[in-house]
Amino acid sequence: MEKDFSILPTHLDGDQDMDLYGRDLITTQDWSIDELVATMKLAGKLKEMRKKGKLPPKVLDRKNFFMVFWAPSTRTRGAFEAGMNLLGGHAPYIDVMTTRIGTGEALRDVIQMYDIYGDGIGVRALDEAIDFVYGNGRRIVEEFAKIAKVPVINMACCTYHPTQAIGDIMTLRNKIGRLRGKKYTITWACSSKLRGRGSIQEELLIATRFGMDVVLAYPPGFDIDPNIVEAARRNARDAGGSLEMSHNFKQTLNGANVVFPRSWVTSELSRVGATAFGTDNEITIHDKYRNWKLEKSHVDDLMGKSAVVTHVLPAYRGEEVTDEVIDGPNSVIHEQAEDNFYAKMAVLSLTMSVKAMP
């Protein structure tokens, strides 16, 4: 396979003003639109290069990206680990259950050690790992960013999932073109599995920044963070888009260019946690809204022409969405997963590589 170093000069096409070296990424709100576009541009080049059978430059040669996982992962771990390998570096996987965290060792001491050992740190803390208590995962990620001198990348917390959102917007730009003015329905969907709302909130933030007309649909009681909603409203005003909240599932699908169906827990469970609120109690509430499921008739009869169905995965088939939809021609879930891989590679490259490239 051929090596090509031309795609990564001084971070992005010689643009000296687009310097993300050493920067944290806790949420996409941290980076400017130009920086997000630059990241997607680089991700696209890495994707094109690999499809042509070329190796990316080893810009992270002998560098270490410590991945500290409170919560399990299928795609995020695989993408970061494989991406670091392709870029010449190493991504040690740290399951906190195998550390002394939680048995008396101070978190700040652990952070300082990984800061010494590594060139970057990724942190993932959400859902069962924090008993669904909203804010606990974000505080862990923020503590890493406060103490560590190396870049800290949020690999998903209770509040945000930035690299997922960058990859998702990359996919939408590829599939539907210009995003401003396109209707994006992010809808709650019924599930017997409990999940937090970090991915939903990050999607809301980045889509409004790109001027989309975003509709967030959910049953009563499933409200998201009001601070996120307010930030998204400001994003929409600044970008010329809009944000609408609705409790009407089918109505929000009308004319949608993009639909993202995914469950998340009630605001009450997010406040007190699953232990206090009760998992069975939460599932009972979810079961009241089993009709909140994306089906083929919705795609064919309600959504816009050439509309796409997205999902960050895992998708709970038969609950959130039918097999016919998730495996159908409107689904872009596998392209999303692929674009997320390259988005993560781009984030690693831009935050951890030196300015002067070979």
Taking the conditions exactly as written (crowded, with 18+ Cβ neighbours inside 10 Å, in contact with a Gly (Cβ under 9 Å, 6 or more places away or on another chain), under 15 Å from LEU194 (Cβ atoms) and in the same structural domain as THR185 (by TED's automatic domain parsing)), does SER270 satisfy them or not?
yes
Exactly one of these conditions fails for VAL259: (1) out of contact with any strand residue (DSSP E or B) (no Cβ under 9 Å at 6 or more places or on another chain); (2) under 30 Å from THR171 (Cβ atoms). Give me its number.
(1)
Close pairs (9 angstrom Cβ cut-off, 6 or more residues apart or separate chains): in the same structural domain as ILE147 (by TED's automatic domain parsing) in the stretch 99-116, surrounded by 12 or more Cβ atoms within 10 Å (Cβ to Cβ) and hydroxyl-bearing (Ser, Thr, Tyr) anywhere
GLU105/THR99; VAL110/THR99
Within the stretch 34-56, count every residue that is under 25 Å from VAL123 (Cβ atoms) and in contact (Cβ under 8 Å) with a residue 40 or more places away in the chain.
8
Scan of the stretch 299-317 for residues that are touching a residue at least 24 places away in the same chain (Cβ under 8 Å), surrounded by fewer than 22 Cβ atoms within 10 Å (Cβ to Cβ) and not hydrophobic (A, V, I, L, M, F, W, C), ordered by number
GLY304, SER306, PRO314, TYR316
When ARG195 is run through (1) farther than 19 Å from ASN235 by Cβ; (2) surrounded by 24 or more Cβ atoms within 10 Å (Cβ to Cβ); (3) charged (D, E, K, R), the failure sits at (2)
LYS183 in contact (Cβ under 8 Å) with a residue 40 or more places away in the chain, in contact with a strand residue (DSSP E or B) (Cβ under 8 Å, 6 or more places away or on another chain) and surrounded by fewer than 23 Cβ atoms within 10 Å (Cβ to Cβ):
yes
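The values are calculated or read from the model by the stated rules, or taken from the named source; none is laboratory data. Being a predicted model, the structure only gives us computed values, none of them experimental. Because the Cβ atoms are built from the backbone with ideal geometry, glycine has one as well, and the counts that use them run over all protein chains shown.
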